[in-house]
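> Structure below; questions to follow.
The values are calculated or read from the model by the stated rules, or taken from the named source; none is laboratory data. Only a predicted model underlies this, so the values are computations on that prediction, with no experimental measurement involved. Every residue, glycine as well, gets a Cβ built from its backbone with ideal geometry; the counts of neighbours run over all protein chains shown. For accessibility, only protein heavy atoms count, side chains too; no ligands or nucleic acids. Shrake-Rupley method; radii C 1.70, N 1.55, O 1.52, S 1.80 Å.
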Protein chains: 2
Amino acid sequence: MSIPSETPSDLPAPSIGDRIVQAIRRDIFDGVLASGSRIKIRDLAVRYAVSEMPVREALRQLEGEGLLDAQPHRGATVVAIDETFIRNVYEMREALSGMVAAAAATRATASEREALRAAMVAHERAAETGDDDAILTADRNFHAILDRMAANPVADRAMAMGRGLTESLRARCGFGGDRRAQTVAEHRALVAAIVAGDARGAELFARVHVAAARADLLRQFKATAG
Amino acid sequence: MSIPSETPSDLPAPSIGDRIVQAIRRDIFDGVLASGSRIKIRDLAVRYAVSEMPVREALRQLEGEGLLDAQPHRGATVVAIDETFIRNVYEMREALSGMVAAAAATRATASEREALRAAMVAHERAAETGDDDAILTADRNFHAILDRMAANPVADRAMAMGRGLTESLRARCGFGGDRRAQTVAEHRALVAAIVAGDARGAELFARVHVAAARADLLRQFKATAG
DNA sequence: GCGCTTAGTTTGTGATCACATTTTACGTTC
DNA sequence: GAACGTAAAATGTGATCACAAACTAAGCGC
């Protein structure tokens, strides 16, 4: 009769389809499923050792997310993850991050401000160590809090795919030069503006932050992948 | 052997699933499927006179688009289309429209500029007649050209759902006061900035345009629906 | 030798069946 | 009478089968 001390929202056993969605998404990001390549349902079914049904549903969902291009009776292809695609994703993220930052500066409660600052500090600690995995995790947490402050799940959903993509690219291509230290400085400016309730400044700093990240990642991408 | 004089991209017979996606989406926008209501696969299957299979795929895709909230083994519910949801959609559209306008001002070719101006004039003609359906069609065409100029399909996809929603709401709630004339004036300012290659001005005018549309639509929505 | 046609294969799509989970309703017990 | 537990119905999920459309390649005619 003991009430399980889990997260408040009890999760009702994820279905196989959901698991396949995550698996395919990860394989696309990691390049296991080459960008631009054709996706065959039966192949994926045997690869993930499941029936064709969960794969079909997963493909539909990923098509909705924009990771697959599907045409009736002709199957699906992985979207081309090239320089222009990355640029487009970042262009969108820049606009949305600016909006999120401005909203956060306007709507933030005191406890949220404190949580954001704590996440910023945690990120700085990770940056000092130079452990890229830890940096990525801390950065994800920082921006998750920021997104929550903006209280716009519609925009969150639009940004979700881009976040996953860029995070995976970072893990593969790494950071360039003094990008880690720059990120820390940009976060500080952003948090200062949000804490001060300066929506315009927060938007500006957020956009600068994303633009700088884009420039660095594109440089790393071209240097690594070609 | 006559080559069919169709659109250049030959469309390979849309599947039933695709048709169901459009049908459900329309029914959600039109309120036939009440916002927040539970979706049952079997019900929809009989409603649209198809098997359960296409419905399942359609639900997955609509979940990816953000129109449905799904939980494993508990089915899907229509997202709550209330004031805050509309506000969130418009908040995102404002940011993305600004980005699109800036990109269009930067990248536009001469012929694209001319096409945009022509679409603007067509919209003005429609606005003079006061025929809301014609206005919506002309407005859709105007923004379609604008989106194409920005050449960012990733952002396009993110905006697609919002466009469909607001268009449907417009058809239901109508325009308020002198909103039709205001729209014409805002379009003129936006086009002037784009033609002049003024990215910053284009972004500003686009955001003002969306913000004004949001304010008017929310007023109409509250007056009409509740 | 080149192009079109046509048969064969592959592959996406739709339908039906079987099962697991959830939800609802009823009955029991304190 | 309320709360818990259990049985039954409803419903989402997974698997297999059957069909149709698209791609491939071989065969035929020019």
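> What does the charge dipole of the protein assembly as shown about its Cα centre add up to, to the nearest 20 debye, if the Cβ of each Lys and Arg holds +1 and the Cβ of each Asp and Glu holds -1? Can you show the working numbers first?
Details: 60 positive and 62 negative charges, 34 e Å.
Charge dipole of the protein assembly as shown: 160 debye, to the nearest 20.
> Run the label-point distances for residue B:109 please: 7 Å along Cα to Cβ, every other copy, nanometres, shortest first.
The answer, with the shortest distance listed first, is 5.3 nm.
> A follow-up question, please. Taking Cα pairs under 8 Å and at least six residues apart, what relative contact order does chain B come out at, in percent?
Computed value for chain B: 23 percent relative contact order.
> Same structure, new question: How far, in whole Å, is the nearest Cβ of chain B from the axis relating it by rotation to chain A, and which residue carries it?
Reported as residue, whole Å: B:64, 1.
> What residue among B:75, B:64, B:223 has its Cα farthest toward the positive end of the dipole of chain B, where the charges are +1 on Lys, Arg and -1 on Asp, Glu, each on the Cβ?
B:75
> For residue B:153, go 7 angstrom from Cα along the Cα-to-Cβ vector, then report the distances to that same point in the other copies in nm, smallest first.
3.0
> Considering only protein heavy atoms, what per residue accessible area in square angstrom results for region B:51-124 with a 1.4 angstrom probe? Walk me through the intermediate numbers first.
Details: 2760 Å² over 74 residues.
Accessible area per residue, region B:51-124: 37 Å².
> Still on this structure, please answer the following. Just check the protein assembly as shown against the gyration tensor rule for me: Cα atoms, a ≥ b ≥ c as the square roots of the eigenvalues, rounded for a/c under 1.5, and otherwise prolate or oblate depending on whether a/b exceeds b/c.
Numbers: a/c = 1.34, a/b = 1.08, b/c = 1.25.
Rounded, because the longest to shortest axis ratio a/c is under 1.5.
> Kirkwood hydrodynamic radius of region A:68-154 from all distinct Cα pairs, in Å?
Answer for region A:68-154: a Kirkwood hydrodynamic radius of 15.3 Å.
> Which of the residues in region B:149-178 show a loss of at least 20 Å² in accessible area from their chain by itself to the complete set of protein chains, at a probe of 1.4 Å?
Buried on complex formation: B:152, B:154, B:157, B:158.
> While we're here: Dipole of region A:107-173, Cα-centred, from +1 at each Lys and Arg C-beta and -1 at each Asp and Glu C-beta, to the nearest 20 debye?
Result for region A:107-173 is approximately 280 debye, rounded to the nearest 20.
> Please name whichever of A:84, A:154, A:192 sits farthest to the positive end of the charge dipole of region A:83-225, dipole taken about the Cα centre and charges placed at Cβ: Lys and Arg +1, Asp and Glu -1.
Most positive-ward Cα: A:84.
> Sequence-distant or interchain residues sharing an amide H contact under 5 Å with residue A:76, placed H: which?
The answer is A:39.
> Can you list the HN-Hα couplings for region A:90-107, worked out from phi with the Karplus curve (6.51, -1.76, 1.60; θ = phi - 60°), rounded to whole Hz and with x for Gly and Pro?
Coupling constants for region A:90-107: 5, 4, 5, 4, 4, 5, 6, 5, x, 5, 4, 4, 4, 5, 4, 4, 7, 9 Hz.
> Another question about this same structure. Could you compute how much accessible area chains A and B hide from each other, both sides summed, with a 1.4 Å probe? Nearest 100 Å² is fine. If you can, show how the numbers build up before the last one.
Working: alone 12740 and 12760 Å², together 22010 Å².
Chains A and B together bury approximately 3500 Å².
> Per residue of region A:120-136, in order, report the coupling 6.51 cos²θ - 1.76 cosθ + 1.60 (Karplus, θ = phi - 60°) as ³J(HN,Hα) in whole Hz, putting x for Gly and Pro.
Those phi angles translate into 5, 4, 4, 5, 5, 4, 5, 5, 5, 6, x, 7, 4, 4, 5, 4, 4 Hz.
> To the nearest 20 debye, what is the magnitude of the charge dipole of chain B about its Cα centre, counting +1 on the Cβ of each Lys and Arg and -1 on the Cβ of each Asp and Glu?
So the dipole magnitude of chain B works out to roughly 440 debye.
> I would also like to ask the following. What 222 nm value per residue comes from the helices of chain B, counting each DSSP H run with n ≥ 4 as -39,500 (n - 2.57) and dividing by all residues, nearest 500 deg cm²/dmol?
Per the formula, -24500 deg cm²/dmol.
> May I ask for the angle, rounded to the nearest 10°, between helix A:16-29 and the longest principal axis of chain A, with both axes built from Cα atoms and the value confined to 0 to 90°?
That helix lies at roughly 70 degrees to the long axis.
> How large a share of the accessible area of region A:83-225, in percent, is made up of carbon and sulfur atoms when the probe is 1.4 Å and the other protein chains stay in place? Could you put the intermediate results ahead of the total?
Details: 3230 of 6080 Å².
The computed percentage sits at 53.
> Shortest first and in nm to one decimal, what separations exist between residue A:129 and its copies in the other chains, measuring from label points 7 Å along the Cα-to-beta-carbon line?
6.6
> From zero up to wherever the largest Cα-Cα distance of region A:16-78 sits, split into 10 Å bins and tell me the percent of pairs in each.
Final binned percentages: 24, 64, 12.
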